[in-house]
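The values are calculated or read from the model by the stated rules, or taken from the named source; none is laboratory data. Because the structure is a prediction, the values reported are computed rather than measured. Neighbour counts are summed over all protein chains in view; Cβ atoms, including those assigned to glycine, are modelled from backbone coordinates with ideal geometry.
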Amino acid sequence: MTSGFWSMGGYARYVWPCFGFAGLVLGWNLWAARRLLMGARMRAARALAMAGDAR
Amino acid sequence: MKVGAWRAFVLIVYRELCLSFRRPEHLFQPLVFFLIVTTLFPLGLSLQLSQLRDIAPGVLWVAALLSSLLSLDSLFKSDADDGTLEQLALSGQGLTLIVVAKTCAHWLLTGLALVVVSPIVAIALGIPTAAFATMMMSLALGTLTLSWLGAIGAGLTIGLRRGNVLLSLIVLPLATPLLIFGAAATERAISGTSAVGALYFLAALCVFTCTLAPFAATAALRITLE
Amino acid sequence: MWTWFYKLASPPYVYGVAAALMPWLLGTAALAMVYGLIAGLAFAPPDYQQGDAFRMIYVHVPAAIMSLSVYMVMATASAVALIWRIKVGHAVAAASAPIGASFALLALVTGSLWGRPMWGTYWAWDPRLTSELILLFIYVGVMSLRSAFEDHARGDRAAALLAVVGVVNVPIVHFSVVWWNSLHQGATIVKLGAPSMPGSMLWPLLSMWLGFMLFYGAVLCTRVQAEVLNRERQAAWVREAIKS
């Protein structure tokens, strides 16, 4: 079964890139969302710090 | 002095027509673009006239779409730039009436003009004269729908940098059904089969858009103007 | 009960709920997807027509369904934001757009890879494929319009209007296989009557669908937190929120 699994009945060169791209897209979603949130928190902290200094 | 709604509509359409005829180059540019783009295809593909017939409906419609897009930018822009649009909005006539009037005028000046010029382009592309009636009907319905889709897009993109590119990006995906059915209608007319189904679909799209788009375009203008 | 509803319009409440929910959504998404992948790749029997190539269904179909569902969420949030002027709606719409676009792209690419062995071509100008491509273009249009405005509030409203206008495409994508002669397969799950797929193939698919939905929820939570922060930077609650 293991050899058949990797070759996917001969369709391996379509099936595995397919799942690979899916993994990429899901991974990008997680990474980009995380990056966006980190950036937003940093900018908010900076804005609050500047407002704090102004007082 | 309270001006009635119908009179206001006629006045605004008349104003648009007058302003455009004072600058006739603005009228001719989209038409010339239409002619030039259609000539690019036969020159680039170096096909016989009989072979051109196969791609003619698509080429015709793509060229009509692109040249309509060119003229859409000016639908609200010049009035927005000098403040006339805000004055019209404050005039008490209702922004929807103004939007309907301006879009109707726009279609008369560009869409209808395109329909009138289309036989010339059709001859250049080898479309048989028997198909002209269907072709012009489909273009008339399609350009009217496009004027309304363009009104929504123009309302959203007034005053933006790179507004025209964004306008195309917004309007073209929404206009693809038009392209598909318009080209199908023309293609059926060329091959001699009945184009009635495709024309009915185009008419349905046109009615759907003309009914709902005025409200979307008014909402778009309110967003941009306020 | 309605007070819960009103709370959803409050940015600090939404920020807190999103922060709390996200790990749960991501965890359950991972579980659903692990089961779906293992059961789908290793244990579901090969299709008698398509052989092992049918297994691409386990990412293609969830991605396609989600590309439409996310658009509906985006359009609904946009409508709510426009009609009742609830800014959180704009945050949800802005957060959903890139996720939905990525799902649409995933559906198109996986569909293309599936089409090559099955139909003999990477692409066909078929009603379903074309309308899904248009959906991707509309997503891109909404995102571009939002970022083109210097006044972010105005950009939000313009993008919201465009999202609502573009919703006409969603039924076209779904019903394209019914209305036209399409190369693409017709409805097998979301239709009247029993699904026309055996259980051993169906359960992993439903699990992957659930997994994608939960995944969208998790990513949405993170993005909504960011979008809410960006729109409320100076507000008093932000000070406490970012300390955690």
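Residues that are surrounded by fewer than 16 Cβ atoms within 10 Å (Cβ to Cβ) and of a type in the set (D, E, K, R) were ranked within region A:39-55; the one that is nearest to the other protein chains (Cβ to nearest Cβ) is A:Arg43.
Output the residues belonging to region B:154-196 that are of a type in the set (Gly, Ala, Ser), part of a helix (DSSP H, G or I) and touching a residue at least 40 places away in the same chain (Cβ under 8 Å).
Filtering region B:154-196 down to residues of a type in the set (Gly, Ala, Ser) leaves B:154-155, B:159, B:163, B:168, B:175, B:182-185, B:189, B:191-192, B:194-195.
Within this subset, residues satisfying the condition of being part of a helix (DSSP H, G or I) are B:154-155, B:163, B:168, B:175, B:182-185, B:189, B:191.
Within region B:154-196, B:Ala154, B:Gly155, B:Gly163, B:Ser168, B:Ala175, B:Gly182, B:Ala183, B:Ala184, B:Ala185, B:Ala189 meet the criteria.
Within region C:234-241, is even one residue farther than 25 Å from C:Trp114 by Cα, in a loop (DSSP other than H, G, I, E, B) and at pLDDT 90 or above? Steps first, answer last, please.
If we filter region C:234-241 for residues that are farther than 25 Å from C:Trp114 by Cα, which is where we start, we get C:234-241.
If we keep only those that are in a loop (DSSP other than H, G, I, E, B) too, we end up with C:234-235.
Okay, now just the ones that are also at pLDDT 90 or above, so none.
No, region C:234-241 has no match at all.
Anything in region C:43-82 that is part of a helix (DSSP H, G or I) and of a type in the set (Asp, Glu)? List them, or say none. Talk me through it step by step, then tell me what you get.
From region C:43-82, those part of a helix (DSSP H, G or I) are C:43, C:52-82; that's our starting set.
Within region C:43-82, just C:Asp52 meets the criteria.
Checking each residue of region B:210-218 against the condition of being surrounded by 20 or more Cβ atoms within 10 Å (Cβ to Cβ), more than 10 Å from every other protein chain (Cβ to nearest Cβ) and under 25 Å from B:Gly126 (Cα atoms) gives no match.
From the list C:Ser200, C:Ser196, pick out the single residue that is at pLDDT below 80 and surrounded by fewer than 17 Cβ atoms within 10 Å (Cβ to Cβ). Steps first, answer last, please.
Values: C:Ser200 fails: at pLDDT below 80.
Sole residue among the options that is at pLDDT below 80 and surrounded by fewer than 17 Cβ atoms within 10 Å (Cβ to Cβ): C:Ser196.
Of all residues in region C:79-107, those satisfying the criterion of being surrounded by fewer than 20 Cβ atoms within 10 Å (Cβ to Cβ) and either within 9 Å of another protein chain (Cβ to nearest Cβ) or of a type in the set (A, V, I, L, M) (or both) are C:Ala79, C:Val80, C:Ile83, C:Ile86, C:Leu105.
Restricting C:Ala163, C:Ala148, C:Ala158 to those that are crowded, with 16+ Cβ neighbours inside 10 Å, aliphatic (A, V, I, L, M), modelled with pLDDT of 95 or more and over 20 Å from the mean Cα position of the chain (by Cα) reduces the list to C:Ala158. Being polar (S, T, N, Q) and either within 17 Å of B:Ala185 (Cα to Cα) or free of Cβ contacts under 8 Å to residues at least 24 places away in the same chain (or both) is a property that B:Ser118 has. Per this entry, B:Val165 is counted among residues that are β-branched (Val, Ile, Thr), within 11 Å of chain C (Cβ to nearest Cβ) and within 29 Å of C:Phe137 (Cα to Cα). Among the residues of region C:108-128, those identified as more than 10 Å from chain A (Cβ to nearest Cβ) and either part of a helix (DSSP H, G or I) or buried (at least 24 other Cβ atoms within 10 Å of the Cβ) (or both) are C:Leu108, C:Trp119, C:Pro127, C:Arg128. Within region B:92-104, residues that are surrounded by fewer than 18 Cβ atoms within 10 Å (Cβ to Cβ) reach partners that are among the hydroxyl-bearing types (Ser, Thr, Tyr) with beta carbons closer than 6 Å, at six or more positions or on different chains, in the pairs B:Thr96/B:Thr218.
With respect to B:Ala124, is the statement that it is closer than 18 Å to B:Leu35 by Cα and surrounded by 18 or more Cβ atoms within 10 Å (Cβ to Cβ) true? Quick ask: steps written out before the conclusion?
Numbers: closer than 18 Å to B:Leu35 by Cα: yes; surrounded by 18 or more Cβ atoms within 10 Å (Cβ to Cβ): yes.
So B:Ala124 fits the description; yes.
Scanning region A:1-38 for residues that are facing chain C (nearest Cβ under 7 Å), of a type outside the set (Phe, Trp, Tyr) and not in a helix (DSSP H, G or I) yields a total of 0.
Restricting attention to region B:186-204, which residues are within 22 Å of B:Cys104 (Cβ to Cβ) and crowded, with 20+ Cβ neighbours inside 10 Å? Once the filter is applied, which keeps residues that are within 22 Å of B:Cys104 (Cβ to Cβ) and crowded, with 20+ Cβ neighbours inside 10 Å, region B:186-204 yields B:Leu199, B:Leu202.
Across region B:43-83, which residue is farthest from B:Ala184 (Cα to Cα) among those that are at pLDDT below 85 and of a type in the set (S, T, N, Q)? The residue in question is B:Ser78. When region C:156-168 is limited to residues that are closer than 20 Å to C:Leu133 by Cβ and free of Cβ contacts under 8 Å to residues at least 60 places away in the same chain, the one that is farthest from the other protein chains (Cβ to nearest Cβ) turns out to be C:Val168.
Quick check on region B:111-132. Is at least one of its residues more than 30 Å from B:Leu49 (Cβ to Cβ), out of contact with any helix residue (DSSP H, G or I) (no Cβ under 8 Å at 6 or more places or on another chain) and of a type in the set (Val, Ile, Thr)?
Scanning region B:111-132, I find no residue that is more than 30 Å from B:Leu49 (Cβ to Cβ), out of contact with any helix residue (DSSP H, G or I) (no Cβ under 8 Å at 6 or more places or on another chain) and of a type in the set (Val, Ile, Thr), so the answer is no.
What are the residues in region A:18-38 that are within 23 Å of C:Gln225 (Cα to Cα) and crowded, with 21+ Cβ neighbours inside 10 Å, if any? Those that are within 23 Å of C:Gln225 (Cα to Cα) and crowded, with 21+ Cβ neighbours inside 10 Å: A:Leu26, A:Asn29, A:Ala33, A:Leu37.
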